[in-house]
Amino acid sequence: MNLSLRWSEIMNENPRAAALLKAGQELAPLIRENAAYADVHGRLAPEVLKAYHEAGLFGMWVPEVLGGAEADPLTALELCEQISYEDASAGWVLFTGSVGIATPAIYLPDAGVEEIFSGGRMPVGAGQGTRSGTAVRVDGGYRLSGEWNFASSSPYASHIFTLGTVEDTKEPLLFVLPVSEVTLDTDSWDVIGLRGTGSYDYRIDDVFVPEQRTYPAGIDGNPVRGGAASRLGLVQTSMIGHTGWALGVGRRLLDELSASMRQKAGRAGAQAGSDSSHEQYANAEAQLRSARALAYETWTDAWQTLSRGGDVSKRQSSLMRLALNNATWSAFRVGTFVNNAAGTRALRDGAIQRFYRDLHAGAAHIMSAPPVLRDTGRELAGLADDERWFYVGLVGQQ
């Protein structure tokens, strides 16, 4: 992937963001070299994690005022795509750990931000906002309890952000806690793919969370700090990472098949010599490139709106979800073709097998689930005029 054009386009706009793309390219060999380690040990290699911190990658969405890069959507999309191309788990950790700390950085009050960002090194976030715990209001804050699943990047996290509902008012809030106050179930991530993400289940047992480390769950689009990109909010920022991840994984699988076909060209009975396989390869290439084109078109349009001082429309939000779903399932179809066409090579330990397993794990995420596509289609058809996007679905305006 040649990122030189993107560097030149954004260097004058945001040198920190341009540096992210350069760092991503420079780290590619290290990430690829340690991909098998992550798959076997269930966490990224220490060298990779150290490199992430040294390059400031976890701060890609954090506002510049807090030392982050405050990257625009296209920079972040390309970075997630490139890192995921080298290792699917490394790409997933990059965007989940980054959005997990960017959201508190953008929305917490000053006192909470000062508490979290005073350690000298960029914090890393993990957690989720799709299942709610219970919060009891007490003097100065809340006591939070609950159980949650799939805290991607939790082995690397300094903080957990998680959804809770205030018991007396039923108000949904997001709570930010040091990871030391959370019980991680390190045996819960025994899975087929994305093993290096450490997406542990976790539990919080009646832990006090001060008011300054909470913010309303529905605050998306109204940042306390940060520039144009900060107005995207938690869910739409996450979509950038998921989309780049799918495109990177799909591209790597197709490139691995191409390399395998070239090695076998001329052998009797090899897939490389089959007219049918050539036709299918062309279709797979078209699917992946079309999905990438839609993603970049969608996020270019959204970024132009934000850069002009506007807010993304409901239609633009629908197209973001469409682009993500299309990228995920186009990559999935490409991966299925690659797995079948690779024959016995796909059965053996190696990149094709690992990325194919990772693809199945990533496609199971709620952001790519059928209900999201269903609601997207309803809005695109003009049948949701009185509804708005909230988290992963359409809800009434009030």
**Message:** Considering the Cα positions of region 228-392, please state its Rg to one decimal place and its Dmax as a whole number of Å.
**Reply:** 18.3, 61
**Dipole moment magnitude, nearest 20 debye, the chain about Cα centre, only Lys, Arg, Asp, Glu C-beta charged** = 1140 debye
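From the helices alone, meaning DSSP H stretches of at least four residues, give me the mean residue ellipticity at 222 nm for the chain, per-run term -39500 (n - 2.57), in deg cm²/dmol to the nearest 500. Walk me through the numbers on the way to the answer.
Working: 12 runs with 201 residues, N = 398.
Computed mean residue ellipticity for the chain: -17000 deg cm²/dmol.
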**Item:** Euclidean distance of C-alpha centroids, region 64-131 and region 344-383, integer Å
**Value:** 23 Å
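How large is the Rg to Rh ratio of the chain when both quantities use alpha carbon positions and Rh follows Kirkwood?
Here the Rg-to-Rh quotient is 0.97.
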**Item:** Cleavage-rule hits, trypsin sites (Lys or Arg not before Pro), region 122-197, DSSP coil, Cβ neighbours within 10 Å at most 10
**Value:** K170
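To the nearest 20 debye, what charge dipole does region 4-112 have about its Cα centre, counting +1 at the Cβ of each Lys and Arg and -1 at the Cβ of each Asp and Glu?
160 debye
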**Item:** Cα gyration tensor, region 125-216 - rounded (a/c under 1.5), prolate or oblate
**Value:** prolate
**Request:** Would you work out if region 4-112 is rounded, prolate or oblate? Take a ≥ b ≥ c from the square roots of the eigenvalues of the alpha-carbon gyration tensor; rounded if a/c is under 1.5, else prolate when a/b is larger than b/c, oblate otherwise.
**Result:** oblate
**Nearby lysines by direct alpha-carbon distance to K50 (threshold 30 angstrom, same-chain neighbours under 8 apart not counted)** = K22
**Prompt:** Which distance in nm do the two modelled labels at N283 and L30 give, with both placed 7 Å along the Cα-to-Cβ direction?
**Reply:** 4.2 nm
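Every number in this text was worked out from the coordinates using simple rules, so none of it is lab data. Computed from a predicted structure; not experimentally measured. In this analysis, Cβ positions are derived from the backbone assuming ideal geometry, glycine residues included, and neighbour counts consider all displayed protein chains.
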